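J.: Here's a structure for you.
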Amino acid sequence: MTQVIIRPALTTDLQRCLALDPSFSTDQVWQMDSRLADGQIAVNFRAARLPREMRVTYPRDPRMLMAGWQSCDAMLIADQPHGLAGYAALTKQVPQSTVWVNDLVVAKPIRRTGVGSQLIKAAANWGRDQQLRWLVVEVQTKNYPGISFCQKHGLKFCGYNDRYFANQDIALFFALSLH
């Protein structure tokens, strides 16, 4: 496991965060199927293997990331001696008693080394400190690695939003009880 220090972001960290490449590659996606029959709507998701690996770009416009970060309630930085390892942008939604993970990005060379796990744990701890009851992560249907990450950490699928992202991708929502 890569050892990092998780700390609140400073204004000087934001440009370093923009420099990280949040794209990823996958050979699986969650495919959505929606049907209307007998006055009922049925929506199903299933893992589908792609004929070849595809590269997926981040669903948020990089020009809008800075504005989003400046309006979030907390931004956690994962630092290591050789530089920025990753970050998580968090928004508190008091009426729903939820900490919403808007962005969770780990530097490509050190993905799958525990940095994301440390960031999600720190986000959950931040939510508990804020006396919130839920942690929710949003993920593209194309982000099979992110979906697997959520499931590995005990987050359960709790909904979706069609055309949620600026690029019109579907968002999947995964939640974890903080109590």
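Any read-out appearing in this document is the output of simple, stated calculations on the displayed coordinates, not a laboratory observation. Because the structure is predicted, anything quoted here is derived from the model rather than measured. All Cβ positions, even for glycine, are placed from backbone atoms using ideal geometry, and neighbour counts span all protein chains on display.
J.: So if I place +1 on the C-beta of Lys and Arg and -1 on the C-beta of Asp and Glu, and nothing else carries charge, what would the dipole magnitude of the range 1-133 be about its Cα centre? I want it in debye, nearest 20.
T.: With only Lys, Arg, Asp and Glu charged at Cβ, the dipole is about 220 debye.
J.: Right, here's the next one. Of (i) 11.6; (ii) 10.5; (iii) 17.5, which is the value of mean projected area of the Cα convex hull in nm² derived from the coordinates here?
T.: (i)
J.: Hey, got a sec? Which trypsin sites (Lys or Arg not before Pro) in the range 125-179 land in a DSSP loop and have at most 10 other Cβ atoms within 10 Å?
T.: ARG163
J.: Counting pairs of alpha carbon atoms under 8 Å apart in space and at least six apart in sequence, what relative contact order in percent does the chain give?
T.: The normalised contact order for the chain reaches 22 percent.
J.: Take CYS17, CYS72 and order them by how many other Cβ atoms sit within 10 Å, fewest up front.
T.: Fewest-to-most Cβ neighbours within 10 Å comes out as CYS72, CYS17.
J.: Moving on to the next point. Sorted from fewest to most neighbouring beta carbons within 10 Å, what does the list LEU20, LEU10, LEU119 look like?
T.: Listed from fewest to most nearby Cβ atoms, that is LEU10, LEU20, LEU119.
J.: Sticking with this structure for a sec: Once both axes come from the Cα atoms, what is the angle between helix 62-71 and the longest principal axis of the chain, in degrees from 0 to 90, rounded to 10?
T.: That works out to roughly 70 degrees.
J.: Of the candidates ILE110, ILE77, ILE41, which one comes out as most mobile in a Gaussian network treatment of the chain with C-alpha springs shorter than 10 Å?
T.: Per the Cα network of the chain with a 10 Å cutoff, ILE41 tops the list.
J.: Sticking with this structure for a sec: What does the charge dipole of the range 66-179 about its Cα centre add up to, to the nearest 20 debye, if the Cβ of each Lys and Arg holds +1 and the Cβ of each Asp and Glu holds -1?
T.: Roughly 340 debye for the range 66-179.
J.: Let me ask something else. Arranged by the count of other C-beta atoms within 10 angstrom, fewest first, what order do MET1, MET75, MET54 take?
T.: Ordered by Cβ neighbours within 10 Å, fewest first: MET1, MET54, MET75.
J.: Is there a quick way to get the dipole size of the range 1-48? I mean about its Cα centre, with the Cβ of Lys and Arg at +1 and of Asp and Glu at -1; what is the value in debye to the nearest 20?
T.: That gives the range 1-48 a dipole magnitude of about 160 debye.
J.: Then there is this: Relative to the first principal axis of the alpha-carbon coordinates of the chain, what is the inclination of helix 115-129, with its axis defined by its Cα atoms, in degrees from 0 to 90 and to the nearest 10?
T.: That helix lies at roughly 90 degrees to the long axis.
J.: Can I ask one more? Would you mind telling me which residue in ARG35, ARG111, ARG46 has the biggest mean-square fluctuation in a Gaussian network model of the chain, where springs connect alpha carbons within a distance under 10 angstrom?
T.: ARG35
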